[in-house]
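The values are calculated or read from the model by the stated rules, or taken from the named source; none is laboratory data. Just so it is clear, the structure is predicted and the values come from calculations on it, not from any experiment. Ideal geometry is used to build each Cβ from the backbone, glycine not excepted, and the neighbour counts take in all protein chains shown. We work out accessible area using only protein heavy atoms, side chains counted, and drop any ligands, DNA or RNA first. Shrake-Rupley method; radii C 1.70, N 1.55, O 1.52, S 1.80 Å.
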Amino acid sequence: MAAHRADTGRKWAKKVVRDHDAIAVEDFRPKFLAKTTMARKAADAAISATKKAQLEMGRKHGRAVHLVHPAHTTMDCATCGARTKHALPLSERTYACTVCGAVCPRDKNSARVMLVRAGLNPTGADLVSPATC
Ligand SMILES: [Zn+2]
């Protein structure tokens with residue numbers, strides 16, 4: 001079981017590393033799995049196996065792997081860093097920033113927030129404008 005899990009994590013990590021120069025991984029702990037000690041241990045094991053595989057693979061291939069705290073990635077504006085007061089309802093697919101006026105597909109905004117947090121700025125200075133979303 002544990003070996004299978006580690007293997008799955010490794011395969012996934014290899015694919016991710018192959019496809020990207022640098023990776024931001026959500027450093028998450030799902031709360032809903034933490035109701036019992038056993039469930040939490042199982043969840044931690046699965047997550048750390050994947051994370052470990054990811055880090056190893058990144059090192060092996062000379063890629064940077066960044067663990068990113070996932071909190072508020074759906075609430076922060078990737079363009080100006082402002083945080084909305086309320087999380088977007090899941091039905092809302094577009095992130096609209098009331099501070100800088102950026103409008104992004106929600107997933108894209110979250111992905112950019114993660115990359116910025118990881119210290120990777122994939123967009124560079126030119127792309128810090130709402131027009132690029
Ligand atoms: Zn903004």
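Going through Arg117, Arg63 one at a time, which residue ends up being away from the ligand (no atom under 14 Å from the Cβ), touching a residue at least 60 places away in the same chain (Cβ under 8 Å) and of a type outside the set (Phe, Trp, Tyr)?
Of Arg117, Arg63, the one residue that is away from the ligand (no atom under 14 Å from the Cβ), touching a residue at least 60 places away in the same chain (Cβ under 8 Å) and of a type outside the set (Phe, Trp, Tyr) is Arg117.
Of everything in the stretch 95-114, what is open to solvent by 60 Å² or more (accessible area, probe 1.4 Å) and away from the ligand (no atom under 12 Å from the Cβ)? Give them in sequence order.
The answer is Pro105, Asp107, Lys108.
Restricting to the stretch 55-107, count the residues that are more than 13 Å from the chain's Cα centre (by Cα) and under 30 Å from Asp7 (Cα atoms).
Residues meeting the conditions: 10.
Can you pull out the residues in the stretch 67-83 that are open to solvent by less than 60 Å² (accessible area, probe 1.4 Å) and either among the small types (Gly, Ala, Ser) or more than 7 Å from the ligand (Cβ to nearest atom) (or both)?
Listed by number, the residues that qualify are Val68, Pro70, Ala71, Thr73, Thr74, Met75, Asp76, Ala78, Gly81, Ala82.
Given the residues Lys85, Lys51, which is the only one that is in the same structural domain as Arg106 (by TED's automatic domain parsing) and modelled with pLDDT of 75 or more? Walk me through how you get there before you give the answer.
Values: Lys51 fails: in the same structural domain as Arg106 (by TED's automatic domain parsing).
After applying the criteria, what remains is Lys85.
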